[in-house]
Amino acid sequence: MIAPLVGMTNLVLGTVYACYGVMTLVEMKRGWRTNGFSHFGAAWLCMAFTCGPHHLDHGLHVLMAGRVGGSLDLLTIAVGFPVGVAWFLLRVEALFGGRGDRTIAGTPVWLEAMPTLAASYVAVVAASITGLAFGVERLAPRAWPNVLLVLLYAAIGVLLLRTQLRTHLKSGQWSASGLSLAFVMLTCAVMHAVYVAYASAGRYDVDGHGLVIDTVGVPAAAYFLWVTWALHRGWLRDWNATSTLDAPERRPELIGAPT
């Protein structure tokens with residue numbers, strides 16, 4: 001029962017990423033003539049069309065090629081799925097002229113509990129990965145691109161979360177879009193860490209096209225990290241990050257919530 005769930009949820013996630021890539025293309029085409037090239041849009045385009053194929057490839061291998069989907073894989077997908085869908089739905093709303101974001105005033109109880117829940121989740125996953133890796137002398141060579149993706153996605157997520165924390169300290173508010181994007185990146189980092197563990201333990205094979213997808217995903221994630229950092233520091237102006245905000249200290253609140 002676990003394997004079909006792992007396969008189907010990965011196919012859904014892959015489709016969501018692919019749809020978001022198409023949406024980003026539409027948004028960039030709309031704004032290109034009047035606002036010029038968008039690094040933020042291009043970075044998301046690269047991410048969408050590398051993350052999407054990764055999940056589609058993994059899902060198809062689980063459903064059709066006998067790759068054994070594990071319970072830890074299912075857990076990480078179940079945790080990351082809601083925030084991914086939330087981010088996607090906000091972008092759909094923005095595409096059709098809606099707000100594309102929600103303001104969260106103060107710090108609700110569920111958000112206050114998030115650090116504790118996140119720490120508990122990471123501890124459980126880390127302990128499970130340690131169990132999987134017991135007896136493994138070295139990482140699978142073809143899993144190394146995923147190791148880099150773990151580091152890059154975690155760095156992006158931490159940076160986005162940091163901007164949300166700084167904005168909250170100034171305004172007392174949170175951005176639902178910004179928080180969901182930060183959580184997407186952090187949960188993706190955990191998913192790829194589990195993928196590395198299963199691959200190194202021999203549970204998941206990493207074939208040629210999967211290796212190509214993940215290898216291409218590394219520079220795509222690095223580009224996204226650079227764009228996010230540049231916007232955060234005020235080094236880069238981008239209409240997707242609201243070009244009317246010139247002060248770097250005000251700009252971060254909209255990173256992750258392009259309009």
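The values are calculated or read from the model by the stated rules, or taken from the named source; none is laboratory data. For clarity, every value in this text was computed on a predicted model and none was experimentally measured. Neighbour counts run over all protein chains shown; Cβ positions are idealised from the backbone, glycine included.
Tabulated data
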item	result
Qualifying residues in the range 119-169 (those that are polar (S, T, N, Q) and within 23 Å of Asp205 (Cα to Cα)) - the one surrounded by the most Cβ atoms within 10 Å (Cβ to Cβ)	Asn146
Checking Val136 against (1) part of a helix (DSSP H, G or I); (2) farther than 14 Å from Leu179 by Cα; (3) among the hydrophobic types (A, V, I, L, M, F, W, C), the condition it does not meet	(1)
Residue in the range 140-150 that is outside any helix (DSSP H, G or I), more than 22 Å from Val12 (Cβ to Cβ) and modelled with pLDDT under 90 present	yes
Pairs where the first residue, in the range 67-93, is touching a residue at least 40 places away in the same chain (Cβ under 8 Å) and the second is surrounded by fewer than 22 Cβ atoms within 10 Å (Cβ to Cβ) and in a loop (DSSP other than H, G, I, E, B), C-beta under 6 Å, 6+ apart	Val68/Arg203; Leu90/Gly100
Given (1) surrounded by fewer than 20 Cβ atoms within 10 Å (Cβ to Cβ); (2) over 15 Å from the mean Cα position of the chain (by Cα); (3) not in a loop (DSSP other than H, G, I, E, B), number of the condition Thr15 does not satisfy	(2)
Pairs where the first residue, in the range 103-120, is farther than 13 Å from Ala176 by Cβ and the second is modelled with pLDDT under 95, C-beta under 7 Å, 6+ apart	Gly106/Gly172
Scan of the range 155-182 for residues that are farther than 16 Å from His232 by Cβ and either at pLDDT 95 or above or among the small types (Gly, Ala, Ser) (or both), ordered by number	Ser171, Gly172, Ala176, Ser180
Per-region count, the range 112-123, residues over 19 Å from the mean Cα position of the chain (by Cα), among the hydrophobic types (A, V, I, L, M, F, W, C) and not in a loop (DSSP other than H, G, I, E, B)	1
Residues located in the range 80-107, provided they are surrounded by 15 or more Cβ atoms within 10 Å (Cβ to Cβ) and part of a loop (DSSP other than H, G, I, E, B)	Gly100, Asp101, Arg102
Inter-residue pairs, beta-carbon under 8 Å, first under 24 Å from Leu149 (Cα atoms) and in the range 220-240, second at pLDDT 95 or above and of a type in the set (Gly, Ala, Ser), 6+ apart	Leu225/Ala155
Residue within the range 30-44 that is within 30 Å of Arg237 (Cα to Cα), of a type in the set (Ser, Thr, Tyr) and surrounded by 15 or more Cβ atoms within 10 Å (Cβ to Cβ) present	yes
Residue list for the range 25-41, filter: in contact (Cβ under 8 Å) with a residue 40 or more places away in the chain and either assigned to a helix (DSSP H, G or I) or within 20 Å of Cys188 (Cα to Cα) (or both)	Val26, Glu27, Gly31, Asn35, His39, Phe40, Gly41
The range 124-182, subset among the polar types (S, T, N, Q) and over 22 Å from the mean Cα position of the chain (by Cα), residue farthest from Val79 (Cα to Cα)	Ser171
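Okay, residues lined up against (1) more than 30 Å from Asp207 (Cβ to Cβ); (2) touching a Leu at 6+ places or on another chain (Cβ under 7 Å); (3) at pLDDT below 90:
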residue	(1), (2), (3)
Arg67	no, no, yes
Ser71	no, no, yes
Ala78	no, no, no
Phe88	no, no, yes
Ala94	yes, no, yes
Gly100	yes, yes, yes
Thr107	yes, no, yes
Glu112	yes, no, no
Leu117	yes, no, no
